Amino acid sequence: MLKAINQWCYPAGMSLEKVFEYSWDAGFDAVELNLNPKGDAGLTPDTTEKEAKEIVELASEYHLQLKGMSTALLWKYPLSSPKEEVREEGRSIVKKMIALSETMELDTILVVPGLVNEAVTYTDCYERSQEELKKLIPIAENYHIHIGIENVWNKFLLSPLEMARYIDELDSAYVGAYFDVGNVLQFGYPEQWIRILGDRIKKIHVKDFSTSIGNMNGFRPLLSGDVNWRGVFTALKEIGYDDAITAELSPYAIDPSALAKDTSNHMDILFRSVQ
């Protein structure tokens, strides 16, 4: 398994060169980049093919692999929106992620499929998001880029059986799960999700969570919450997962490099504990 870190672990606006420098110094094998809003640092909807290739070259100078790409833009432009213009913008974001991934030789993009709220019912979210994804799947298949559906706190896909069904109904080898271990702890057991999702899992995010807090303030650095890490890694071994394990945490307020070093050390402890 590759030890990876997400760009969100560093302050917004930090240059990719610093992200790569700190990640390599901390001992990571790979970095997961984000598609950010226009004008931000790193990848954006305006990033050209030439600029994307330069980012790959920069990562290689720091001996880092680039395996996947995430984004927060689909929270603003959800594929489940009742407004066609919002869904269209969401589709364009996913298309850009696929195109950049093909250029940069990444294999997976993270997609938040939709949001359930007072204006969007659960059924609407399910049906609309699948309809939009079906428009995007041929593009992903053509470029050989996997779409990883992430489990997030969006009041949607609240059980592993439902998530498995949702993915299977899309009927493509290029659609799977981008499973976030910490995100499910308030609602279930990540090791059970892993066994049920099985080889549908394309990528893994890790962070810890304190169930005694039980809300968004409950997310914690690795080893400081209630995740059964031995159970998680045992389940990952059982399903044969051998790809990136990517830390996704909030940056420290003072020293941006300290979180990377601490997280790298925590991941080493986890990897050793399940040998």
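Every read-out reported here was derived from the displayed coordinates using simple, explicitly stated rules and does not represent laboratory data. Computed from a prediction, not measured in an experiment: that's the story for all the values here. Counting neighbours? That spans all protein chains shown, and the Cβs are built from the backbone with ideal geometry, glycine included.
A few comments on the model shown:
- By the beta-carbon count within 10 Å of each Cβ, the least crowded to most crowded order of H266, H205, H144, fewest first, is H144, H266, H205.
- Residues in the stretch 176-193 that a label on N217 would reach, taking backbone N under 18 Å of a point 7 Å out along Cα→Cβ: 186
- Fraction of antiparallel bridges per DSSP, the chain only, in percent to nearest 5: 5 percent
- Going from the fewest other Cβ atoms within 10 Å to the most, the residues W153, W229 appear in the order W153, W229.
- Cα-Cα over 29 Å, subset of K18/K134; K18/K155; K76/K237; K95/K203: K18/K134; K18/K155; K76/K237
- Rg then Dmax, both in Å and based on the Cα atoms of the stretch 24-99: 14.3, 46.
- Each of E105 and T234 was given a label point 7 Å from its Cα along the Cα-to-Cβ line. The distance between the two points is 3.8 nm.
- Rg to Rh quotient for the stretch 2-273, alpha carbon positions, Kirkwood Rh: 0.94
- This ranking places S257, S264 by how few other beta-carbon atoms lie within 10 Å of each, fewest first, which gives S257, S264.
- Computed extension length for V86-K53: 8.9 nm, one decimal, from 0.36 nm per residue of separation with the Cα-Cα distance subtracted.
- Pairwise centroid distance, computed over Cα atoms, of the stretch 118-190 with the stretch 64-94, Å: 13 Å
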